[in-house]
Amino acid sequence: MENKKTNSRRKFLDKGLKMGLVTAIGAIGLTKIASKLNASPDETGSQDKMQLMTTDGTVIEVDSSEVMEMDHSKKKQTEEEYDVREGMPNRKFVMVIDLAKCKNALKCQTACNKQHYITGDHAWLKVYKMQEDADTAPYWMPTTCMHCDQPACVTVCPVDATFKRRDGLVLIDNERCIGCRFCMAACPYSTRVFNWKEPNQGEITMLMDMENQTDHHSADFAGLPSVKGTVDKCDFCPHAIKDNVLPHCVTACPNGVFYFGDKYEDTVTNGEETLRLSKLLEDKHGYRLMEGLGTKPSVFYLPPVDRLVDFKEGLESFTDYKSVD
Amino acid sequence: MRNQLITRHFFLVVLSVFLYTSSFAQDRVRLKAEYVKIMNEGSYFDIQATAKVNDENVNVSKIELIIYNLVGDEQVEIGKTITNMQGKSRFKLKDLNTIKPDSSNTYNIDISFAGNDAFSDASKSIVFKDAAIEAKLVTIDSINYVTATLIDKSTDSLLIGQSLKVQIQRLFKSLPIGEEFNETDEDGTILVPIPEGIPGVDGILAIEVILSESEEFGTVKTIVKAPIGKHVVDESTFDQRTMWSPRNKTPLFLLIFPNILTFGIWGIIIYLILNLIKINKS
Amino acid sequence: MKNYDKLLNDLAPQKFGKKGVIWTISLVVLIVLGIIAYIDQIIRGQMVTNMNDYALWGVYISNFVFFVATSFVGTAAVAVLRLTNNNWRTPIVRIAEIIAVAAIIMAGITITIDMGRPDRLMNLFIHGRMQSPITWDVIIIPTAMMVCILLLYFPLLPDFGLLGKYYQEKKPNLSKWYKRLSLNWTGSDTQKSIQIKSIQIIAILIIPVGFMLQTIDAWLFSTLYRVGWDSTNLGAYFISGAAVAGIGALVTATYVLQKVYKLEDYITDFHFDKLGKFLVLVCLIYLYFNLNEYLIPQLTSKKGATTHINVLFVGEYAPLFWFVIVGGLIIPVIVLLFRRGRKPFPMFIIGLLVVIGSWWKRYLIVTPTLLHPFLPIQGVPEEWRHYFPSLHEWAITIATLAMALLIITILVRYVPIVPIQKTADEQEALELNKNTKS
């Protein structure tokens, strides 16, 4: 009887191991296929004729210079191809938000909504009208995803759909997300949004459909397209920073509120001025939101002191019930 | 894969044709051009094509520009370039010797656009002399400085009273160091201290000394690689076993204890099921 | 054997009467309505619910927590009473086991209803991460389900054997099924010894498994930062609350089954009296943890906690909150302290009150907390500041409750509610006792 018992246990273990092996082999196979799909096609030089097949199957010939390259097909050919889940080596992206300069112009939000084709009712970037108590001063506080170094949202994700990269970014793979919304409950900054219905992203949907065909669906392409039943959030614009371009909110802000940069380079810039991060935080007494929770955000705030504009001026564009047009 | 790419390109062709025909005929193109020389690397022209369409500034993409060198009364074509989606183009000069200056050692370049269905012709001329910056790293009293000398190559003389920018190359925008304007002294030289503790990958800082958009010389830039930076230390927890790691980097205690419990309980469950089988057989 | 005949006549599952048929059909209708609503939810997305980016969990989750809690009756009533050697448990354990099985199955189903992408359910196994409390839940729910089913099945073996014989001539088809399910039970000594040993193991096993299930369920909330969830009290709070929900459900079901199947000879006032005392005990323990959960934060009165508690005590959720605390806990305790309160009918009313209170209690644990995040709710539609389930959510939730009741109904149709063999053995022992005494 003892013998039987061990035997069956062994069988069970054996099965388990086999199953694991099969899964592993499957996974390796899939990655292989994926990498093949990602491999760059031969570059066709200018002045060449190019044969293109139309959707109805006829072949036409055009001068290749007539063909506009799309951003991403170009990107594929660059050597900076990197693992979306690992991110860029030797980088740690941080943001500094100077509350003294913010007057709720909302250009950041408009740019973000537009660039990310945000369709829900809850913008990724919000400017809060903050006043902790009746006796304390009010101020405007823009919030993005904090891209925490100890992200509570990533900890609770059951399927590794949201992940933390080496370069500090917290991104979402919306092809894997199961829509349990545990990450939303875990985030103390209420930064995550959910696609409650089929997101209608206009003409971009068509473009993205083509993207899907070429297996381009990737967590770092502006989180596009949004997928019904999955979570979205501010992504620190990896599609831009990969090309050394600042995130949209940073460039859109007319008041230079947002500074963005690489912590390892000790440098942040708002597009106008470029400063040493450590000195800026020291001089202006930078802090982070809810430090006590131990999330270690990548977004620093400079306190709203010596403000250039009156708080009240921002009230004009403040809408309590709307953040996406 | 290939087919899909082609389909996509086809779509773009259709889109671009559509864009071309729908825009108003014959808008004026405005060209902006800048001459940039990077020491030991070469020179190039940065060209930007814009047009006012319906009172709105738009970038003119995919137009062909021809670059000419004016020698005496003669226009010598030195190359062609096509603007990109943002209406920008960078035309690289392999060598300054491929173009010829006039008697005063000044180079005259014309960039011209022949015009097409949508846009009328346009041209832009730029004039520049050759200048050079020689920069190096010096250490005085254990403080690191970058020193740079600005030379007018057309006359082989030092340039005095020109202001140079010194900055450290960074991912997005370079970090300026020294004064806002560092004017060259009577030796055509500046001396700028490098602040301590600036980090760089492997401790290497790429310091740029720039003569920026000078009317006479265009932009001249030199890059000094200085191994004086603080080494960048990767603080990321990416390689560690943390609560926020993917599953192949799960903390060990989270693998050990739940698995002991799970397999323990399921072991008992299986034993119980075997008992059912035993009951069935006896 | 003549003894068995009477027992079998009394206790063998009976065909439904008219009422039973109507009951079953209404349950099926409710389930079908819920399934239609769910299909609509899958097609259109969860926009059909009233959940939003702030109230990101709603009645689906609270309903799930309720089912998980109710399944604790298996641990509370069966295992604990067994280990404490409370012999009065015999006629009610089967009901408890049935409720536990129905509740845990429904818990597994309801949690997937809340998922935005149920089509990606397999990702939980393909990409599962051990760091996530959801993964712990994914492991413990099937485990608990298995243990609950075994806990129901093992003691049933002799009864199935008896029923197989009982129906041999009357209904040969049914008899065949019972015989098959009885796993050739003959009552031989080897079979008996294996069975008794196994039951002993399960009775012990279900205690850690039940505790783990409730604790993990609590940890789904207490591992998050939100005010009202971020509490070290939550594990114990959930376990004690689960005992209340489970025993409440047991009391209600026992009364109904006693009446419907006319089991007054087997389930007597004595059993209700004992159950009533047990219910008082678990209610008092739960009240104690409620005190910890609500009064201590009020004493230190941190800003977030005060807001949260004010909403419950005097704000938007006050009527519901006080209904749950007073109606679902305090009144039951007071009534059940009196001997007359522990008579079957008052017990039934109290049990119902406790179950309804327990259900709304889960709602109060999930919803108000989400509506008070750390940063103010701004820049979202006004209605996002409140939450009340939509028609779809109600239809689906009611369907899950109906489904649980249907599982119970089907089980009590084919499974003897009062263990026959065990009752026979006990009666025999009693008789033997009497004989030796006289």
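Of note:
- Nearest-20 debye value, region C:150-231 charge dipole, Cβ charges on Lys, Arg, Asp, Glu: 500
- Counting DSSP beta bridges with both ends in the protein assembly as shown, the antiparallel % (nearest 5): 90
- C:Tyr54, A:Tyr287, C:Tyr237, C:Tyr178 arranged by Cβ crowding within 10 Å, fewest neighbours leading: A:Tyr287, C:Tyr54, C:Tyr237, C:Tyr178
- Across region A:87-153, Cα pairs under 8 Å and at least six residues apart give a relative contact order of 28 percent.
- Per-pair calculated FRET efficiency, R0 = 60 Å: A:Thr319 and B:Tyr271 via Cβ, rounded to 0.05: 0.40
- Ignoring aspartates and glutamates fewer than eight residues from B:Lys278 along the same chain, the ones with Cα atoms less than 20 angstrom from its Cα are A:Glu2, C:Asp159, C:Asp189.
- Sorted by Cβ neighbour density within 10 Å, fewest at the top, the residues A:Lys129, A:Lys103, C:Lys15: C:Lys15, A:Lys129, A:Lys103
- Computed [θ] at 222 nm, helices only, for chain B once each DSSP H run of length n ≥ 4 contributes -39500 (n - 2.57): -6500 deg cm²/dmol
- Cα-centre dipole for the protein assembly as shown with unit charges at Cβ (Lys and Arg positive, Asp and Glu negative), debye to 20: 8360
- Value of Rg to Rh for chain C (Rh from inverse mean 1/r over Cα pairs, i.e. Kirkwood): 0.99
- Listed cross-link partners A:Lys114/B:Lys88; A:Lys242/B:Lys37; A:Lys242/B:Lys52; B:Lys37/B:Lys100; A:Lys279/A:Lys312 are compared with a 20 Å cut-off, the Cα-Cα value being larger for A:Lys114/B:Lys88; A:Lys242/B:Lys37; A:Lys242/B:Lys52; A:Lys279/A:Lys312.
- Count Lys and Arg as plus one, Asp and Glu as minus one, and take only other residues whose Cβ is under 11 Å from that of C:Phe160; the net charge is then +2.
- Cross-link partners of C:Lys15 among lysines, defined as those whose alpha carbon lies under 27 angstrom from its own and excluding same-chain residues fewer than eight positions apart: C:Lys2, C:Lys6, C:Lys165, C:Lys170, C:Lys171, C:Lys176, C:Lys179, C:Lys259, C:Lys262, C:Lys422.
- A straight line joining the Cα centroids of region C:379-438 and region B:239-282 runs 29 Å.
- Test item: C:112-124 mean partner chain Cβ contacts at 10 Å: 5
- For C:Lys274, a cut-off of 20 angstrom between C-alpha atoms picks up these aspartates and glutamates, skipping any fewer than 8 places away in its own chain: C:Glu97, C:Glu264, C:Asp265, C:Glu426.
- Furthest towards positive pole of dipole, C:Thr423, C:Met122, C:Val65, structure part the protein assembly as shown, Cβ charges: C:Thr423
- Environment charge of B:Pro258, counting only residues whose C-beta is closer than 13 Å and scoring Lys/Arg +1, Asp/Glu -1: +1
- Long-range lysine pairs (8 or more apart or interchain), region B:136-250, Cα under 24 Å: 16
- One Cα centroid belongs to region C:283-309, the other to region C:112-144; the line between them spans 31 Å.
- Radius 13 Å from Cβ of C:Thr397, net charge of other residues (Lys, Arg +1; Asp, Glu -1): -1
- Computed from the Cβ-Cβ distance with R0 of 22 Å, the FRET efficiency linking B:Ile38 to B:Leu191 stands at 0.50.
- Shape of the protein assembly as shown, Cα gyration tensor, a/c cut at 1.5: prolate
- Panel order for B:Glu34, A:Glu272, by other beta carbons found within 10 Å of each beta carbon, from fewest to most: A:Glu272, B:Glu34.
- Relative contact order (percent, whole number), chain B, Cα cutoff 8 Å, 6+ residue spacing: 13
- Listed residues B:Ala135, C:Pro91, B:Gln86: farthest to the positive end of the dipole of the protein assembly as shown (Cβ charges): C:Pro91
- Note on A:171-177: average number of Cβ atoms from other chains within 10 Å of each residue's Cβ is 2.
- Theoretical FRET efficiency, 1/(1+(r/R0)^6), r = Cβ-Cβ of C:Lys277 and A:Tyr287, R0 60 Å, to 0.05: 0.60
- Overall shape: oblate for chain B, with the ratio a/c of the largest to smallest alpha carbon gyration tensor axis at 1.5 or above and b/c at least equal to a/b.
- Computed on chain C, with alpha-carbon pairs under 8 angstrom and 6+ residues apart, the relative contact order is 32 percent.
- Dipole magnitude of chain C about its Cα centre (Cβ charges: Lys, Arg +1; Asp, Glu -1), debye to nearest 20: 1140
- Cα shape, region B:133-180, gyration tensor, a/c 1.5 rule: oblate
- Peptide C:308-319 shows a mean partner chain C-beta count of 0 within 10 Å per residue C-beta.
- Approximating the spin labels as points 7 Å out from Cα along Cα→Cβ, the C:Trp322-to-B:Phe257 distance works out to 4.2 nm.
Every number in this text was worked out from the coordinates using simple rules, so none of it is lab data. Everything numeric here is computed off the predicted structure, so don't read it as measured data. So basically every Cβ, Gly included, is an ideal-geometry build from the backbone, and we count neighbours across all protein chains shown.
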